[in-house]
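Please treat every number below as a calculation from the coordinates, not as lab data. Since this is a predicted model, take the numbers as computed values, not measurements. In this analysis, Cβ positions are derived from the backbone assuming ideal geometry, glycine residues included, and neighbour counts consider all displayed protein chains.
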């Protein structure tokens, strides 16, 4: 059975559970009210973005080390899905910020670094899309995929070191706990698991497309050979 | 907290799922196009 056929229903059930918990189990935050529930998709999308970009970096290392085409496909697919979730983070964040901060966007260190991270991986995808099929392009992209992930620890640290407006989710600036209600924390992790499963399903679907493209390219070469005009 | 902020909540969740749905549609179209090409290539190889 294909991975995407298993992951699809599992992710759908997990998302339904996460939505139920975000709207019916998690308590309403006292000062922000209902709009604070954006937290559950915003933060889970941010964590999922990190998982995807770490997967891109890990698969890129495997590609550079072993030359595995499967690793290259995984790197490309997770970068694409990572960019999707990073975009969703940058859509849901400003929508939440508007009623709370009074502005959709500020040049806060975390927001700025997230925008830079998004830009790095959009660059990665553009290199893959327009660089051609050359193996050198795949290697350059792998290096970019590894280097880009270094922005993630910078984002984590920037919240604690620089005085930005963006709150820290897991730790306060002084290193103490998050201060989040335990039920909210539990719902946040359930939502993160659900969104991560959703991302894993999307990565599996994207990799299936890439496998079919490779299969078509091999058939095209076979056809060229059969017709006596090698590519 | 005014009820006006409910619109932001609805907008955020709606845009999240619209984004996912658009991406799934894009992948499904890509997969369909490549499978169609694969079918044509297999038929040409058989001839």
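Return the tail of the calculated pair distribution for segment A:98-166, meaning the percent of Cα-Cα pairs more than 17 Å apart.
53 percent
Taking beta carbons within 10 Å but only from partner chains, what does the mean come to for residues A:9-16?
Whole-number average of other-chain Cβ neighbours for A:9-16 is 0.
Helix A:135-148 sits at what angle to the longest principal axis of chain A, using alpha carbons and giving 0 to 90 degrees rounded to 10?
Roughly 10 degrees, rounded to the nearest 10.
So what's the angle, to the nearest 10 degrees on a 0 to 90 scale, between helix A:39-66 and the longest Cα principal axis of chain A?
On a 0 to 90 degree scale, this one is about 30.
Compute the relative contact order of chain A as a whole-number percentage, counting only Cα pairs closer than 8 Å that sit 6 or more residues apart in sequence.
Once divided by the residue count of chain A, the mean separation gives 33 percent.
Mind checking B:14-20 for the average number of partner chain beta-carbons within 10 Å of each residue's beta-carbon?
Other-chain Cβ atoms within 10 Å of each residue's Cβ, averaged: 6.
Contact order normalised by length for segment A:1-79, with contacts defined as Cα pairs under 8 Å and 6 or more residues apart; what percent is it?
Over segment A:1-79, the number comes to 20 percent.
What's the average, rounded to a whole number, of partner chain beta-carbon atoms within 10 Å of each residue's beta-carbon in A:93-102?
The shielding value for this peptide is 3.
Taking each pair of different alpha-carbon atoms in segment A:2-81 once, compute 1/r for the pair, average those values, and report the inverse of that mean as the Kirkwood hydrodynamic radius in Å to one decimal.
So the Kirkwood estimate lands at 15.0 Å.
Compute the length gained on full extension between residue A:54 and residue A:10: take 0.36 nm times their separation in residues and subtract their Cα-Cα distance, giving the result in nm to one decimal.
Taking residue A:54 through residue A:10 to full extension adds about 13.6 nm, to one decimal.
I need the peptides A:137-143, A:216-222, A:100-106 ranked by packing, meaning the mean over residues of other C-beta atoms within 10 angstrom, with the highest value on top.
Answer by packing, highest mean first, reads A:137-143, A:216-222, A:100-106.
What is the angle, in °, between the Cα long axis of helix A:69-101 and the longest principal axis of the Cα atoms in chain A? Nearest 10 is fine, range 0 to 90.
Computed tilt is about 30 degrees.
Can you give the calculated 222 nm mean residue ellipticity of chain A, where each DSSP H run of n ≥ 4 adds -39,500 (n - 2.57) and the sum is split over every residue, rounded to the nearest 500 deg cm²/dmol?
Mean residue ellipticity, 222 nm, calculated: -26000 deg cm²/dmol.
At 25 °C and 0.890 mPa s, grab the translational diffusion coefficient of the protein assembly as shown from Stokes-Einstein with a Kirkwood Rh over Cα pairs, rounded to a whole number in µm² per second.
Translational D for this selection: 120 µm²/s.
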